[in-house]
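Following: one structure in structure tokens, then a few remarks.
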Amino acid sequence: MKKEPESQTYSFLIGEENSDQRVDKFLAGELSDLSRSYIQKLLKEGRVQAGNQTVKANYRIKEGEDIYFCVPPLKELSVEAEPIPLDILYEDEDLIFLNKPKDMVVHPCAGRYSGTLVNGLLYHCKEELSGINGVLRPGIVHRIDKDTTGVLVICKNDKAHRLVAEQLKEHSITRKYRAIVYGIVKEDGTVDAPIGRSERDRKKMAVNEKNGKRAVTHYRVLKHLKGKYTYIECQLETGRTHQIRVHMASIRHPLLGDEIYGPAANPFHLKGQCLHAMVLGLIHPSTGEYIEMEAPLPPYFEELLRKLSD
């Protein structure tokens, strides 16, 4: 009979130096392999006690207090490893930078449990993937849309995941995208507008002043194309869902091929938006040095640029 994985319980006696500290911050400091957001999730589930009292994330711990923290076992992944070719730009013991192709979903979701990037990673990495994001997203710190191409970073252990996630939260990761948009963008600029669920269509994102989260996109004009389109570079300061697509559409320059946020017409018969994550740079979780990777433009994008430049 297969042995079920067991929960792990930690106990801490609070000293004077940690008194009056928030319990979530204290635990994140003591358990460096767990992210603060994951610890907060477990706090909401009632897995942390001070003495015999279940406490919330904002609880202030006291000197002489015993803190008990129960971490559940990681659920067994119900997604199969598949020998999917991966375009790996760089790999070491902590990280993988890879170039995601068009039409590849990053992680499994309802109705799609095969052919995803995670299926390929499970085959390539075997047991070496961070488990922080749970059952269906091992190693995944961030994602890009199915029809967006380009560089992604994957974490192979929980420590790397936590440190890279912190950089994402602090907006210190370099993320530069290339895109072709409708219309002539006259000059470089910045869109600073909150993004949230559209109040008209809950399946879409939108600039939402009432319920959105701050989102900032800096864009730079690279080339005007045929007097109808503009080739641009976008640098993300934040990372909201569909951020570049929503922001560029909000200033009346939707992405070419984006039938959700742009015109329904698709003059070049593109499969989704013309968007490529070209550059990703961050502080390496082990060396502490800055590392940056660049994914070359995909063939369809280069061909489109050629056609529109003739």
Any chance segment 230-240 includes a residue that's under 15 Å from Thr148 (Cβ atoms), more than 16 Å from the chain's Cα centre (by Cα) and surrounded by fewer than 19 Cβ atoms within 10 Å (Cβ to Cβ)? yes
Among the residues listed as Val153, Val164, the single one being open to solvent by less than 30 Å² (accessible area, probe 1.4 Å) and either out of contact with any Phe, Trp or Tyr (no Cβ under 6 Å at 6 or more places or on another chain) or aromatic (Phe, Trp, Tyr) (or both): Val164
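For (1) more than 25 Å from Pro298 (Cβ to Cβ); (2) in contact with a Ser or Thr (Cβ under 9 Å, 6 or more places away or on another chain); (3) among the hydroxyl-bearing types (Ser, Thr, Tyr); (4) in a loop (DSSP other than H, G, I, E, B), each residue gets a yes or a no:
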position	(1), (2), (3), (4)
Asn99	no, yes, no, no
Lys102	no, yes, no, yes
Leu129	yes, no, no, yes
Pro138	yes, yes, no, yes
Ile144	no, no, no, yes
Asp147	no, no, no, yes
Leu168	no, no, no, no
Ser172	yes, no, yes, yes
Arg175	no, no, no, no
Would a scan of segment 292-303 turn up a residue that is touching a Gly at 6+ places or on another chain (Cβ under 6 Å) and either within 26 Å of Ile173 (Cα to Cα) or β-branched (Val, Ile, Thr) (or both)? yes
Among the residues of segment 267-289, write down those that are assigned to a loop (DSSP other than H, G, I, E, B) and either of a type in the set (A, V, I, L, M) or open to solvent by 30 Å² or more (accessible area, probe 1.4 Å) (or both). Pro267, Phe268, His269, Leu270, Lys271, Ser286, Thr287, Gly288, Glu289
What's the number of the only condition in (1) open to solvent by 30 Å² or more (accessible area, probe 1.4 Å); (2) over 19 Å from the mean Cα position of the chain (by Cα) that Ser198 fails to meet? (1)
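The values are calculated or read from the model by the stated rules, or taken from the named source; none is laboratory data. Remember, predicted model here, so these are calculated numbers, not experimental data. Every residue, glycine as well, gets a Cβ built from its backbone with ideal geometry; the counts of neighbours run over all protein chains shown. The area values use the complete protein model at the heavy-atom level, side chains included, leaving out ligands, DNA and RNA. Shrake-Rupley method; radii C 1.70, N 1.55, O 1.52, S 1.80 Å.
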